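Asker: The structure is given below, and queries will be raised subsequently.
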Amino acid sequence: AAMLDAYDFSGIGTLVDIGGGNGTLINALLERYPTMKGILFDAAHVIGRAKEKLNPRCAPVAGNFFEKVPPGGDAYLMRHIIHDWDDERSLTILKHCRKAMGSKGKLLLVESVIPAGNEPFFGKWLDVTMLVMPGGQERTEAEYRTLYESAGFRLTRIVPTCTEISVIEGAPV
């Protein structure tokens, strides 16, 4: 809800939710934006369970984001996906998004952006967890800029929410 309230998704014709799980997020977006179409992209066993609950304007697509992602989206959204992976694996996913979207799409990551300094921030604790468990990491704004540039994007803005996550928007270069 915090992300939906903070970021304006209007103007996006087709949104591809990469690693969208059971479709809760894409369904909420399609409900809020009645002219938007969606693609839910996840592993086959996940898509199989999600199909029954999807909005009729959402197409379920099974696959592996380390191999490719569906083409044709105006925007590619990943919520809490990139923080699961190190830079090399993250770049693989982001480069597949870049290839699939063409020259006018948007990349939207919903993640914690670690602030500078030593002030308490939940994302710093999450960073330790991500390093230990799946081998991923939380990132600073500078680290996201570098990651975006390496994948063929420029970071256009970071939209904070009322929680400790932000929408990190990128555009193809």
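Only the coordinates and a few stated rules stand behind these numbers; no lab work does. Quick caveat, the model's predicted, so the values are computed rather than measured. Reconstructed Cβ throughout: ideal geometry from the backbone, glycine too, with neighbour counts over all protein chains shown.
Asker: Summing +1 for each Lys or Arg and -1 for each Asp or Glu, what net charge is found among the other residues whose Cβ lies under 14 Å from the Cβ of residue 171? Display every interim value, and only then the final one.
Answerer: On the way: positive: 98, 104, 106, 145, 154, 157; negative: 74, 149, 169.
Net local charge, residue 171 excluded: +3.
Asker: Determine ³J(HN,Hα), in whole Hz, for all residues of the range 21-35 in sequence, where each value follows from phi through the Karplus function 6.51 cos²θ - 1.76 cosθ + 1.60 and θ = phi - 60°; x replaces Gly and Pro.
Answerer: Taking θ as phi minus 60°, the curve returns x, 7, x, 4, 5, 4, 4, 5, 5, 5, 5, 6, 10, x, 9 Hz for the range 21-35.
Asker: Amide H to amide H, which residues 5 or more places from residue 37 or on other chains are under 5 Å from it, using H placed in the peptide plane?
Answerer: When sequence neighbours closer than 5 places are left aside, the close amide H contacts are 14, 15.
Asker: By how many degrees, 0 to 90 and rounded to 10, does the Cα axis of helix 87-101 deviate from the longest principal axis of the chain?
Answerer: Its long axis makes an angle of about 40 degrees.
Asker: For the chain, state the semi-axes of the equivalent ellipsoid (square roots of 5 times the eigenvalues of the alpha-carbon gyration tensor), sorted largest first and rounded to whole angstrom. All intermediate terms of the calculation are to be shown ahead of the outcome.
Answerer: Working: eigenvalues 118, 59, 57 Å².
The answer is 24, 17, 17 Å, longest axis first.
Asker: What net charge is computed for the residues neighbouring residue 11, neighbours being all others with C-beta under 10 Å from the C-beta of residue 11, Lys and Arg scored +1, Asp and Glu -1?
Answerer: Working: positive: 106; negative: 8, 74.
Overall, the nearby charge balance is -1.
Asker: Let me ask you something else. Using only the alpha-carbon atoms of the range 1-95, report the extent along each of the three principal axes, biggest first, to the nearest angstrom.
Answerer: Here the spans come out as 36, 29, 24 Å, largest first.
Asker: In the neighborhood of residue 50, defined by Cβ-to-Cβ distances under 15 Å, what is the net charge if each Lys or Arg adds +1 and each Asp or Glu adds -1?
Answerer: On the way: positive: 49, 51, 53, 57, 79; negative: 17, 42, 52.
The answer is +2.
Asker: For the pairs 37/68; 37/106; 51/104, note any where the Cα-Cα span goes beyond 25 Å. Walk me through the numbers on the way to the answer.
Answerer: Values: 37/68 20 Å; 37/106 15 Å; 51/104 29 Å.
Flagged as over cut-off: 51/104.
Asker: If you don't mind, another one. For the range 30-82, what class follows from the C-alpha gyration tensor (a ≥ b ≥ c being the square roots of its eigenvalues): rounded when a/c is under 1.5, otherwise prolate if a/b is larger than b/c, else oblate? Walk me through the intermediate numbers first.
Answerer: Numbers: a/c = 1.80, a/b = 1.24, b/c = 1.45.
It is oblate, given that a/c is not under 1.5 and a/b is not larger than b/c.
Asker: Given the options 70, 160, 56, which has the most mean-square fluctuation in a GNM of the chain, springs set between C-alpha atoms less than 10 angstrom apart?
Answerer: In the Gaussian network model the winner is 56.
Asker: Could I ask something else about it? Quick one: helix 122-132 against the long Cα principal axis of the chain, what's the angle to the nearest 10°, folded into 0 to 90?
Answerer: 80 degrees
Asker: Also, I was wondering about something else. Tell me the mean residue ellipticity at 222 nm calculated for the chain from its helices only (DSSP H runs of n ≥ 4, each -39500 (n - 2.57), averaged over every residue, nearest 500). Can you show the working numbers first?
Answerer: Details: 6 runs with 57 residues, N = 173.
That comes out to -9500 deg cm²/dmol.
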